[in-house]
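Scroll down for the structure; my scribbles are underneath it.
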Amino acid sequence: MKLITIVNAHNVIDGLADKEDIGAHLAYWMTKFVVKTQDEAAFFQTEMRKLFEKYGTKNEDGAYAVPNENAAAFAKDAEALQNTEVEDPGIKFSLSELSTELKLSLKQMYPLLEFINENE
């Protein structure tokens, strides 16, 4: 499984962490997913920071900007990082449970597609 697939799903689920009306069963599995994928999310964040430091220049506000002359190399390395193969966390969510307990936008649903069991 690609690293970016896990990171994007991790971010969506982590973004729902403060939602209080999720049933205990779904909340349990969402928590397990976030915990199980935390290392991958942290690794991705660290490695992206390194790429910005390598190819970018720091602005006055402390943010990095990648100059045009480094954009292609940055994009190539970022894509390689995103496509790094990692282990599937082995956690699937029931489509019926997600649809009953959550209202998700398309932007939230898309990263979760790989982790949804449509038949449950």
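For the range 1-62, count the residues as N, evaluate 2.2 N^0.38 Å, and divide the Cα radius of gyration by that value, please.
The range 1-62 yields a ratio of 1.43.
Around Thr100, under 13 Å between beta carbons, what's the net of Lys plus Arg minus Asp minus Glu among the other residues? Could the numbers behind the result be given before it?
Values: positive: Lys103; negative: Asp21, Glu97, Glu101, Glu120.
Cβ neighbours under 13 Å give a net charge of -3.
In whole angstrom, how long is each semi-axis of the equivalent ellipsoid of the chain, when you take the square root of 5 times every eigenvalue of its Cα gyration tensor and sort them from largest down?
They are 32, 15, 12 Å, listed from largest to smallest.
P(r) of the range 54-120 in 10 Å steps, Cα pairs, percent per bin?
16, 28, 22, 23, 11, 0
Dipole size in debye (nearest 20) for the chain around its Cα centre, Lys and Arg Cβ +1, Asp and Glu Cβ -1?
The calculation lands at about 160 debye.
Once the Cβ-Cβ distance between Leu16 and Asn117 is put in as r, and R0 is 22 Å, what FRET efficiency do you end up with, to the nearest 0.05?
Efficiency, rounded to the nearest 0.05: 0.75.
Note down the net charge around Glu85, summing +1 for each Lys or Arg and -1 for each Asp or Glu among other residues with Cβ under 13 Å from its Cβ.
-2
Between Gln82, Ser94, His25, whose Cα lies farthest towards the positive end of the dipole of the range 15-120 when Lys and Arg beta carbons carry +1 and Asp and Glu beta carbons carry -1, centred on the Cα centre?
Value: Gln82.
Every number in this text was worked out from the coordinates using simple rules, so none of it is lab data. All of these numbers come straight from a predicted model, not from anything done at the bench. Cβ atoms come from the backbone with ideal geometry, glycine included; neighbour counts cover every protein chain shown.
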